[in-house]
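For reference, the structure is listed below as structure tokens.
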Amino acid sequence: MKICMIGAGYVGLVSAACFSDFGWTVNCVDNDPSRLAALKAGQSPIYEPGLEALMERNVKAGRLVFTDDLKTSVANADVVFLAVGTPMRRGDGYADLSYVFSAVEETAQYLDGFTVITTKSTVPVGTSREIERRLKAKRPDADVAVCSNPEFLREGSAIQDFTHPDRVLVGTDDPRARDVMERLYKPLALRGSPVMFVERESAELAKYAANAFLALKISFINEIADVCEAVGADVQEVASAIGRDRRIGDKFLHPGPGYGGSCFPKDVSALVRTAREARAPVSIIEQVERVNHERKLAMAVRIEAAAGGSVRGKTVAILGVTFKPNTDDMRDAPSLLIVPMLQERGATVRACDPQGRKQAEPMLPGVTWCESADEAATGADVLVIVTEWNEYRALNLEAIKSRMSGSTIVDLRNVLDPAAVRELGIAYTGIGRGRHTASQKSG
Ligand code: UDX
């Protein structure tokens, strides 16, 4: 099986590496010369655990090739994946499909023999049909079938998610395309992952519905956390109690500073607009978008309250700036709203992040960057955990306290043990932790 993967971004690169590891031959095409040069040198442009090793193994075996030669790659391919970016368009919140359509226009010229073309990036409902229309218009003679095959992988665990998916979803009504896709995913089917064939529109919408539902679940538990604080309940206990109900499930019930990343904000917004356009408005999902934005801002207010009502003239240490751990991705990270708001209100911000600094530095001007939590804590009045990197779960709090000039910790991810923090004479503020949510120094 020969695959052409167009786009070596997150989804494209991980998919290309994993498909080649199944034994398929993959040409991964990208038109960004610096990205391509890095890939050819064996460097992944993104931080993803295990990815470079997987790339190296398959490049060595000759199954994974990085190239800008779209012509040969398309002409030889059984399946062409479109994995180019679909960023949110500035101003109107719609998905920007210009990269998808220009890849389609170019691909059309080189098609040779029966070829399955499939979207891998998240695209609005109806895009596969539109791609087919454009292909047929440009190459009426071409023998193609256009599928939708959305990817559900998470950053930070992308390889595990790709190779052990809860399901593989393929939208197609073409029997030949179904055969090809069945063959392609056989290695996963043999391991027990169901490969589902559905209508193209169903596959496209399912991706948005899944992300919107998960975003809703996070916003829901964040609201329950606020209620917990008001009534003295502990959100961890509530989440674990409701999570045992299999109809609810125990995943995605961690309260925090609001969701970020490359998918949830963009997809929730795109679904709201698609629904509006189709005259099927979605008021709950619309609220999720608003509630999540306000959640991030509310975290800055919470830090201010923990600092005694004002951060003016105070130093705040921020541990973790990426939208979640195990990634260097800063897209829609809560820190991007929290840090500037603290600065506006007069705080000096020191920050550290195990992987995110390079991406974050230009996005967060005025921040003093530190190599470690210890360094960030030096001279700080308040220390805030924004991203739950493992190394922040096991902080040496005594050492941290001795470096700080104040003694207040705000734990936006509930990774610390409130009682242990208090024992050291540090005031602790968590999220939805009932009587532990905001505590005074006891030592
Ligand atoms: C998400 C989807 O999980 C994935 O299926 C889809 O393909 C892409 O979008 P990703 O953005 O990589 O993946 O991250 P994910 O682990 O889902 O986390 C998204 C955001 O939600 C993060 O900001 C995270 O901190 C937040 N989150 C997640 C919570 O606040 N609480 C939770 O319980 C889970």
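A compact table of results
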| item | result |
| --- | --- |
| Selected residue [closer than 22 Å to VAL268 by Cβ, surrounded by fewer than 21 Cβ atoms within 10 Å (Cβ to Cβ) and not aliphatic (A, V, I, L, M)] from ASP179, ASP166, ASP173 | ASP166 |
| Pairs where the first residue, in the range 210-231, is touching a residue at least 40 places away in the same chain (Cβ under 8 Å) and the second is away from the ligand (no atom under 14 Å from the Cβ) and of a type in the set (S, T, N, Q), C-beta under 9 Å, 6+ apart | LEU216/GLN287; SER219/GLN287; ALA225/THR437; CYS228/THR437; GLU229/THR437 |
| Residue list for the range 287-313, filter: part of a helix (DSSP H, G or I), away from the ligand (no atom under 16 Å from the Cβ) and either among the small types (Gly, Ala, Ser) or more than 20 Å from the chain's Cα centre (by Cα) (or both) | GLN287, ALA300, VAL301, ILE303, GLU304, ALA305, ALA306 |
| Residue that is modelled with pLDDT of 95 or more and surrounded by fewer than 16 Cβ atoms within 10 Å (Cβ to Cβ), where the choices are ARG90, ARG133 | ARG133 |
| Number of positions in the range 102-125 that are within 27 Å of LEU153 (Cα to Cα) and buried (at least 16 other Cβ atoms within 10 Å of the Cβ) | 14 |
| Residues of the range 234-250 satisfying the condition of being buried (at least 17 other Cβ atoms within 10 Å of the Cβ) and within 12 Å of the ligand (Cβ to nearest atom) | VAL235, GLN236, ALA239 |
| The range 234-253, residues that are under 16 Å from ARG433 (Cβ atoms) and part of a helix (DSSP H, G or I) | VAL235, GLN236, GLU237, VAL238, ALA239, SER240, ALA241 |
| Members of the range 242-271 found to be closer than 23 Å to VAL84 by Cβ and among the hydrophobic types (A, V, I, L, M, F, W, C), listed by number | CYS263, PHE264, VAL268, ALA270, LEU271 |
| Tabulated pairs, the range 372-391, first within 14 Å of the ligand (Cβ to nearest atom), second of a type in the set (S, T, N, Q) and not in a loop (DSSP other than H, G, I, E, B), C-beta under 6 angstrom, 6+ apart or interchain | VAL386/SER335 |
| Residue within the range 80-90 that is under 21 Å from MET196 (Cβ atoms) and of a type in the set (Lys, Arg) present | no |
| Answer from GLN359, GLN343 - the residue that is surrounded by fewer than 21 Cβ atoms within 10 Å (Cβ to Cβ) and within 16 Å of the ligand (Cβ to nearest atom) | GLN359 |
| Test: PRO334 is assigned by TED's automatic domain parsing to the domain that holds THR387, surrounded by fewer than 24 Cβ atoms within 10 Å (Cβ to Cβ) and within 22 Å of the chain's Cα centre (by Cα) | no |
| Checking GLY256 against (1) in a helix (DSSP H, G or I); (2) in contact (Cβ under 8 Å) with a residue 24 or more places away in the chain, the condition it does not meet | (1) |
| Residue count for the range 369-416, restricted to those that are more than 26 Å from the chain's Cα centre (by Cα) and among the polar types (S, T, N, Q) | 6 |
| Filtered residue count, the range 314-329, keeping only those that are surrounded by 24 or more Cβ atoms within 10 Å (Cβ to Cβ) and within 11 Å of the ligand (Cβ to nearest atom) | 4 |
| Count of the range 64-106 residues which are in contact (Cβ under 8 Å) with a residue 24 or more places away in the chain and assigned to a helix (DSSP H, G or I) | 14 |
| Residue under evaluation VAL272, criteria (1) in a loop (DSSP other than H, G, I, E, B); (2) more than 11 Å from the ligand (Cβ to nearest atom); (3) at pLDDT below 95, criterion not met | (1) |
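Quick grid of which residues meet (1) outside the structural domain of VAL79 (by TED's automatic domain parsing); (2) at pLDDT 95 or above; (3) loosely packed, with under 14 Cβ neighbours inside 10 Å; (4) assigned to a helix (DSSP H, G or I):
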residue: SER15; (1), (2), (3), (4): no, yes, no, yes
residue: SER20; (1), (2), (3), (4): no, yes, no, yes
residue: VAL26; (1), (2), (3), (4): no, yes, no, no
residue: ASN31; (1), (2), (3), (4): no, no, no, no
residue: LEU36; (1), (2), (3), (4): no, yes, no, yes
residue: LEU39; (1), (2), (3), (4): no, yes, no, yes
residue: SER44; (1), (2), (3), (4): no, no, no, no
residue: ALA53; (1), (2), (3), (4): no, yes, yes, yes
residue: GLU56; (1), (2), (3), (4): no, yes, no, yes
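The values are calculated or read from the model by the stated rules, or taken from the named source; none is laboratory data. It should be emphasised that the depicted structure is a prediction, and the values quoted were computed from it without experimental measurement. All Cβ positions, even for glycine, are placed from backbone atoms using ideal geometry, and neighbour counts span all protein chains on display.
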